[in-house]
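Following: one structure in structure tokens, then a few remarks.
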Amino acid sequence: MASIFTQIANRQIPAHIIAEDRQYMAFLDIKPLAWGHTLVVPKQEVDYLFDLDDKLLSGLFVFAKQVSLGMQRVLPCLRVGMAVIGLEVPHAHIHLVPLNS
């Protein structure tokens, strides 16, 4: 069965998508740590971040950087923190969390 993130990328379940291109997608977390907490995922379903090929992995981080710059422009925060935890959903993803302290 496809991961919940693949289902979002395929528009099978709804999400608040804030950025997207051909290979990547960013959408709001349903259990945010802070207002604006965003998940960044490759559309290709790969369980473990370091199993992504080098081009997809580096592109994911470049895409996440672009998303974080946009978040900093529109959200009241000092900076955007990044975390890769990798245990919640078996689909590589990055958390972008607005930080104020």
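Residue check: is residue 26 in contact with an Asp or Glu (Cβ under 9 Å, 6 or more places away or on another chain) and surrounded by fewer than 15 Cβ atoms within 10 Å (Cβ to Cβ)? No. Filtering the range 78-89 down to residues that are surrounded by 15 or more Cβ atoms within 10 Å (Cβ to Cβ) and modelled with pLDDT under 95, which residue is farthest from residue 5 (Cα to Cα)? By that ranking, first place goes to 86. Those residues that are open to solvent by 100 Å² or more (accessible area, probe 1.4 Å) and either within 24 Å of residue 98 (Cβ to Cβ) or within 14 Å of the chain's Cα centre (by Cα) (or both), I need them from the range 49-74; list them, please. Selection gives 65, 66, 73, 74.
The values are calculated or read from the model by the stated rules, or taken from the named source; none is laboratory data. Given the structure is predicted, the values throughout are model-derived calculations rather than measurements. Ideal geometry is used to build each Cβ from the backbone, glycine not excepted, and the neighbour counts take in all protein chains shown. Accessible surface is based on the protein model in full, side chains and every heavy atom, while ligands, DNA and RNA are left aside. Shrake-Rupley method; radii C 1.70, N 1.55, O 1.52, S 1.80 Å.
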